[in-house]
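Below: the structure, in structure tokens.
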Amino acid sequence: MIELFLRIVRTGLTAGWLMAAALLVRLLFRGAPKWTRGLLWALVAARLLVPAPLYSAVSLIPPQAEQNVQAYTSPEGVRALDQVLPQIEFETARDRESNAWERENGGHVFISHTAPASAYLAIAWMAGTAAMALYALISWLRLRRRVRTAARLEGRVWVSDRIGAPFLLGLIRPRIYVPASLAPPALDYALAHERAHLRRGDHVWKPLGYALLAVYWFQPLAWACYGLFCRDMELASDEAAAGGLDREGRAAYAQTLLDWAGPVRGAGACPLAFGRSDVKGRVKAVLGYKKPARWLAGLAIAVFLAAGAAFMTSPRTEGGWQAFVVLSWTNDSARQTDPAQTSPVTDMGAAR
């Protein structure tokens, strides 16, 4: 378990360079078609899905930083840190029985088991991942129960009087659910938006993105990327649904977004709901829509791919990895036991 935890931490830290680059280039290409951003987030997802080092000569990740990550998350680095951090004591059921007997008989009470702090860090990571998975499951089950009385309107479209906004739900057989009170032309706008999600497979990509967030929840940049990833999916669907409308049509579409605006609770894996995410920014984007030039889309894709090549991979130094990070600590008891230990510095993974 600890080995898996270390690999996940190593990947999450290394992928942080790509996440930061993605946030930057996304900002630089705000005027590019919103669908192009899907490539950017796909590169981030691909890096997180491969928990192993990828090397290339074009990597822009600083070698020193990469070597630090490799050293501190190596088994040697963890053992060194465990010597610095206090051991965590715990009792088993058998220990409790023995200690209770000792108390009754006036003996010495002792705790016979200890565990390194790294083991508890791994348990905390697993607990966080499990909590996020449980949250998504409960949210999905509650939503499924709410729409179980929905009636088919047409094709994949179902209508329900127990929901507050249109949304797309489902992985294998996704359905579009719309409120019973939604009528044309607002119904047409909502269906166009949700069908745009369906064409691009957003009902699959969003749960996948949430699953990656659940695994890498300890990486702050992962939360920022997931939030912007969800926002970009909505912006791209708005662009597809309202891009072909005239000015009056886009104004009506924007008004529909405002009419069905509602609060968003936390970062969830489902659903893709019309009018429930960053409504202010989406309305502004719809009203100010201008057909982007094709060359801008091509340039954005080229830059996104270049950023991926530069930050998805790690630099390889001549002769292989040289993890020369030095960990230092003071172990007074060890010095007293062994006078030969005159230096508190341990060099892990010295350069080969």
Across segment 148-165, what is the total count of residues that are among the basic types (Lys, Arg) and surrounded by 16 or more Cβ atoms within 10 Å (Cβ to Cβ)? 1
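Could you check how many residues of segment 192-202 are surrounded by fewer than 22 Cβ atoms within 10 Å (Cβ to Cβ) and either on the phi < 0 side of the Ramachandran plot or of a type in the set (Ser, Thr, Tyr) (or both)?
Looking only at segment 192-202, we keep the residues that are surrounded by fewer than 22 Cβ atoms within 10 Å (Cβ to Cβ), and these are 192, 195, 198-201.
Checking which are either on the phi < 0 side of the Ramachandran plot or of a type in the set (Ser, Thr, Tyr) (or both) leaves us with 192, 195, 198-200.
Residues meeting the conditions: 5.
Answer yes if at least one residue in segment 204-211 is of a type in the set (A, V, I, L, M, F, W, C) and crowded, with 20+ Cβ neighbours inside 10 Å, and no otherwise. Talk me through it step by step, then tell me what you get.
Filtering segment 204-211 down to residues of a type in the set (A, V, I, L, M, F, W, C) leaves 204-205, 208, 211.
Add one more test, that the residue is crowded, with 20+ Cβ neighbours inside 10 Å, and what stays is none.
The answer is no; no qualifying residue exists.
Restricting to segment 22-41, name every residue that is of a type in the set (Gly, Ala, Ser) and at pLDDT 95 or above. So that I can check it myself, show each step before the final result.
Within segment 22-41, the subset of a type in the set (Gly, Ala, Ser) is 22, 31-32, 38.
Within segment 22-41, just Ala22 meets the criteria.
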Please enumerate the residues belonging to segment 57-72 that are β-branched (Val, Ile, Thr) and not in a loop (DSSP other than H, G, I, E, B). Val69
Per the filter on segment 143-173, residues assigned to a loop (DSSP other than H, G, I, E, B) and charged (D, E, K, R) are Arg148, Arg156, Asp161, Arg162, Arg173
What are the residues in segment 226-254 that are small (Gly, Ala, Ser) and within 15 Å of the chain's Cα centre (by Cα), if any? Gly227
Just one of the numbered conditions (1) among the hydrophobic types (A, V, I, L, M, F, W, C); (2) touching a strand residue (DSSP E or B) at 6+ places or on another chain (Cβ under 9 Å); (3) under 19 Å from Ala21 (Cα atoms) is not true of Trp260; which one? (3)
So Thr73 clears everything in (1) at pLDDT 60 or above; (2) hydroxyl-bearing (Ser, Thr, Tyr); (3) loosely packed, with under 15 Cβ neighbours inside 10 Å except one condition, right? Which one? (3)
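Return the total of residues in segment 147-176 being closer than 20 Å to Ala261 by Cβ and in contact (Cβ under 8 Å) with a residue 40 or more places away in the chain.
We begin by selecting, within segment 147-176, every residue closer than 20 Å to Ala261 by Cβ; these are 160-169, 176.
After this cut, where a residue has to be in contact (Cβ under 8 Å) with a residue 40 or more places away in the chain as well, the list is 164-169.
Here the count works out to 6.
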Evaluate the following for Val178: is it more than 26 Å from the chain's Cα centre (by Cα), of a type in the set (Val, Ile, Thr) and surrounded by 19 or more Cβ atoms within 10 Å (Cβ to Cβ)? yes
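Do the conditions hold for Gly170, that is, is it modelled with pLDDT under 90, of a type in the set (Gly, Ala, Ser) and closer than 29 Å to Trp217 by Cα?
On the way: modelled with pLDDT under 90: yes; of a type in the set (Gly, Ala, Ser): yes; closer than 29 Å to Trp217 by Cα: yes.
Answer is yes for this residue.
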Give segment 228-243 a look and list any residue that's under 13 Å from Lys290 (Cβ atoms) and not charged (D, E, K, R), or say none. Ala242, Gly243
Within segment 122-145, can you find the residues that are surrounded by 18 or more Cβ atoms within 10 Å (Cβ to Cβ) and either among the β-branched types (Val, Ile, Thr) or over 21 Å from Leu171 (Cα atoms) (or both)? Ala122, Trp125, Thr129
Of everything in segment 1-56, what is part of a loop (DSSP other than H, G, I, E, B) and either polar (S, T, N, Q) or surrounded by fewer than 19 Cβ atoms within 10 Å (Cβ to Cβ) (or both)? Give them in sequence order. Met1, Arg30, Gly31, Val50, Pro51, Ala52, Pro53, Leu54, Ser56
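Output the number of residues of segment 215-261 satisfying the condition of being in contact (Cβ under 8 Å) with a residue 24 or more places away in the chain, under 23 Å from Arg10 (Cα atoms) and assigned to a helix (DSSP H, G or I).
Here is the first cut: in segment 215-261, the residues in contact (Cβ under 8 Å) with a residue 24 or more places away in the chain are 215-219, 221-243, 250-254, 256-260.
In the following step, the residues that additionally are under 23 Å from Arg10 (Cα atoms) were identified as 215-219, 221-227, 229.
Narrowing further to those that are assigned to a helix (DSSP H, G or I): 215, 221-227, 229.
Looking only at that region, the number is 9.
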Only one of Trp223, Trp217 is surrounded by fewer than 18 Cβ atoms within 10 Å (Cβ to Cβ) and under 25 Å from the mean Cα position of the chain (by Cα), namely Trp223
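The values are calculated or read from the model by the stated rules, or taken from the named source; none is laboratory data. Bear in mind the structure is a predicted one, so any value in this text is a computation, not a measurement. A quick note on method: Cβ atoms are made from the backbone with ideal geometry, for glycine too, and the neighbour counts reach across all protein chains shown.
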